[in-house]
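Chemist: Attaching a single structure in structure tokens format; questions to follow.
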Amino acid sequence: MSSSRQRVIGNFATLIAANMAGRLVSMASGIYTRRVLGVIAIGQLSWAQAVLSYFSLMINPGLETIAKRDVAQDPKRGTQYVSLLLSLQLALAVLAYMLVGCAALLNIRGPTISILMMLSGVSLLLMPLNLAWLLQAHEKMASVAMVEVLSQVLQLAAVLVLIHAPEHLYRYAVLAYPFRLLVIGYCAWRAAREQLFSWREVRVSLWKSWPLVKEAMPLGFSQAAILLYYNFDAILLGFSRGDEAVGLYSTAYNMMLVALVLSGALSSAYFPSLARAQADLQEQRRVSAEFLRLLVWMGLPIAALNWAVGRHLVELIYGDRFAGSGPLFEWLSLDIALVFFNIGIGWPLNAWGFQKKSFYATIVAAGLNVGLNCLLIPPFGVWPAVATTLLSEVVVMAFLVHWRRQIAPIPLWNIVAKPLLASVVVGGAARVLVESFPGQWMIVMVGGAAGLAISVWMAEKEILCRLWQQYCAGRRAA
């Protein structure tokens with residue numbers, strides 16, 4: 001087994017364990033805060049954060065992705081990229097926070113949201129200090145993930161002690177900062193200790209930063225387009241339907257995002273291997289096919305089960321006040337399948353220097369999404385937001401499939417057919433059973449998960465056994 005694959009398997013196993021633990025802690029915090037703050041307060045906070053996400057994109061418009069790729073290919077460039085990113089991102093962070101202040105002064109949606117924007121916007125000033133990207137480039141992500149879990153556990157404890165009523169909304173908005181600083185401090189210490197860069201040679205200067213900005217711009221525009229078709233609907237709902245609609249929609253949307261922990265961990269684990277395969281067509285095909293296969297076997301079954309039992313799961317977790325989020329979550333869950341597939345075929349393009357392809361796909365999808373949302377959300381409310389989110393991902397998929405047929409093509413249908421068939425059959429059967437016996441939805445969910453697990457084993461037994469043997473061999477070697 002290659003050492004590259006050993007590292008991928010080991011990193012993914014550690015990352016997924018840490019990320020799932022962190023997500024569970026985050027979900028516990030989200031459940032508690034939604035129950036004590038209520039739909040309106042959550043809607044106000046979610047709206048402010050949706051707006052801030054555009055300002056955060058100003059600070060990292062794909063810069064870290066380019067830096068990770070280049071440092072993964074040439075580790076000696078660590079100090080150079082730390083200097084470049086600190087210089088650029090610090091300048092952009094100050095500018096972004098000034099713009100947030102100007103937006104807050106306009107008082108578009110009332111004083112509460114203006115104050116939330118100023119308080120939450122402090123996070124923009126912390127973004128340039130985080131060197132997690134450097135550790136990811138060197139495939140040293142496991143300890144960072146563990147420290148992030150620890151910080152989330154401590155933050156949950158603070159939430160339980162300090163947040164008890166809707167009046168504590170502002171307190172909740174700033175509660176995360178001490179724990180975020182803990183992670184930032186650890187990343188800087190670990191990177192220096194591992195000699196991934198030299199503090200003495202770091203120079204804060206914007207000189208020679210334009211080539212990095214130029215190369216990252218397509219990624220930044222792609223991310224902006226993605227934000228448009230994921231966040232613009234929530235912003236528009238706030239203007240046209242109020243904070244309650246934003247609270248219900250954002251709850252369903254955030255619950256859908258839980259599954260993306262898996263794709264994020266796998267993408268981080270595979271990115272260095274994908275970047276190193278850039279010069280070898282056969283290796284590109286092998287690594288990217290393996291990457292896609294893992295993603296579709298994770299994403300499609302999760303989407304199917306959430307679509308079948310999602311409304312009952314939402315009511316169980318968040319209570320009756322968020323029952324309106326349940327049907328929204330069920331249909332938004334279909335986006336999980338689309339996102340996992342699109343990451344599987346599109347993320348390698350970024351690792352190979354074809355980030356402009358992702359930009360073209362997402363900008364078309366974003367334009368379509370924004371236009372349809374402006375047309376449909378004011379008269380019809382929240383459901384067009386769900387439909388346009390799904391439609392946008394379908395548009396991106398069409399573009400990416402076209403380009404992957406030209407760039408390191410892999411047998412897409414052969415990879416997707418088995419997980420798609422298993423997910424459709426099990427998900428459809430589970431949906432029928434839940435509608436017929438709603439009181440037994442937990443039993444149906446467990447049975448559906450078992451059926452999908454058996455399907456994975458039957459379809460990919462050989463690969464799963466080989467991956468497990470490789471992981472064990474890597475652990476013994478370590």
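Chemist: Could you tell me which residue out of ALA41, GLY367, TRP297 lies farthest along the dipole of the chain toward its positive end? Charges go on the beta carbon: Lys and Arg +1, Asp and Glu -1, centred on the Cα centre.
Modeler: TRP297
Chemist: What shape does the stretch 338-422 take by its C-alpha gyration tensor, where a ≥ b ≥ c are the square roots of the eigenvalues and a/c under 1.5 counts as rounded, a/b above b/c as prolate, and the rest as oblate?
Modeler: Because a/c hits 1.5 or more and a/b fails to exceed b/c, the stretch 338-422 counts as oblate.
Chemist: What is the gain in length, in nm to one decimal, between ALA398 and TYR177 on full extension, counting 0.36 nm per residue of separation less the C-alpha to C-alpha distance? It would help to have the intermediate numbers written out before the result.
Modeler: Details: separation 221, 0.36 × 221 = 79.56 nm, distance 4.01 nm.
Using 0.36 nm per residue and subtracting the Cα-Cα distance, I get 75.5 nm.
Chemist: Sorted by mean Cβ packing within 10 Å, highest first, what order do the peptides 106-112, 59-65 take?
Modeler: Top of the packing list down: 59-65, 106-112.
Chemist: When a/c is below 1.5 the answer is rounded, else prolate if a/b is larger than b/c, else oblate, so apply that to the stretch 104-179 with a ≥ b ≥ c taken from the square roots of the Cα gyration tensor eigenvalues.
Modeler: oblate
Chemist: Give, rounded to the nearest 20 debye, the magnitude of the charge dipole that the chain has about its Cα centre when Lys and Arg contribute +1 at Cβ and Asp and Glu contribute -1 at Cβ.
Modeler: Rounded to the nearest 20 debye, it is 1160 debye.
Chemist: I've got another one for you. Taking 0.36 nm per intervening residue step and subtracting the Cα-Cα distance, what contour gain separates ALA387 from VAL425 on full extension?
Modeler: Working: separation 38, 0.36 × 38 = 13.68 nm, distance 2.28 nm.
Full-extension gain reported as 11.4 nm.
Chemist: ILE443 versus GLN73, label points 7 Å from Cα toward the beta carbon: distance in nm?
Modeler: Going by the 7 Å Cα→Cβ label model, 5.7 nm.
Chemist: Using mean Cβ contacts within 10 Å as the protection proxy, how do 247-255, 353-361 order, highest first?
Modeler: By packing density, highest mean first, the sequence is 247-255, 353-361.
Chemist: By the gyration tensor of its Cα atoms, with a ≥ b ≥ c the square roots of the eigenvalues, what is the shape of the stretch 46-175: rounded for a/c under 1.5, prolate for a/b over b/c, or oblate?
Modeler: oblate
Chemist: Report the FRET efficiency, 1/(1 + (r/R0)^6), for VAL94 and ARG286, where r is their Cβ-Cβ distance and R0 is 45 Å, rounded to 0.05.
Modeler: Rounded to the nearest 0.05, the efficiency is 0.50.
Chemist: Would you be so kind as to identify which of ALA165, HIS402, GLY238 lies farthest towards the positive end of the dipole of the stretch 3-477, taking Lys and Arg as +1 and Asp and Glu as -1 on Cβ and the Cα centre as origin?
Modeler: HIS402
Chemist: Name the residue from MET255, LEU452, SER114 whose Cα lies farthest towards the positive end of the charge dipole of the stretch 3-477, charges +1 on Cβ of Lys and Arg and -1 on Cβ of Asp and Glu.
Modeler: LEU452
Chemist: Within 10 Å of each candidate Cβ there may be at most 15 other Cβ atoms; applying that plus a DSSP loop requirement, which chymotrypsin sites (Phe, Trp or Tyr not before Pro) in the stretch 124-200 survive?
Modeler: Sparse-neighbourhood loop chymotrypsin sites (Phe, Trp or Tyr not before Pro): none present.
Chemist: Where Rh is the Kirkwood radius over the Cα pairs of the chain, the temperature 4 °C and the viscosity 1.567 mPa s, what D in µm²/s does Stokes-Einstein return?
Modeler: In µm²/s, the coefficient rounds to 55.
Chemist: Which whole-Hz ³J(HN,Hα) couplings does the stretch 243-260 yield from phi under the Karplus relation 6.51 cos²θ - 1.76 cosθ + 1.60, θ = phi - 60°, glycine and proline marked x?
Modeler: So the J values, rounded to whole Hz, are 5, 5, 5, 5, x, 5, 5, 5, 5, 5, 5, 5, 5, 5, 5, 3, 5, 6.
Chemist: Going through the cross-link list LYS357/LYS418; LYS76/LYS140; LYS68/LYS356, which pairs have a Cα-Cα distance over 26 Å in this structure?
Modeler: Flagged as over cut-off: LYS357/LYS418.
Chemist: Right, here's the next one. Determine the gain in length on full extension of the stretch LEU106-GLU201; use 0.36 nm per residue of separation and subtract their C-alpha separation, reporting nm with one decimal.
Modeler: 29.9 nm
Chemist: Could you rank the peptides 294-304, 29-39 by their average count of other C-beta atoms within 10 Å per residue, with the highest value first?
Modeler: 294-304, 29-39
Quick note: the coordinates plus some simple rules give every number you see, no bench work behind them. Owing to the predicted nature of the structure, the values given are computational and were not obtained by experimental measurement. Cβ coordinates were reconstructed from backbone atoms using ideal geometry, including for glycine residues, and neighbour counts include every protein chain displayed.
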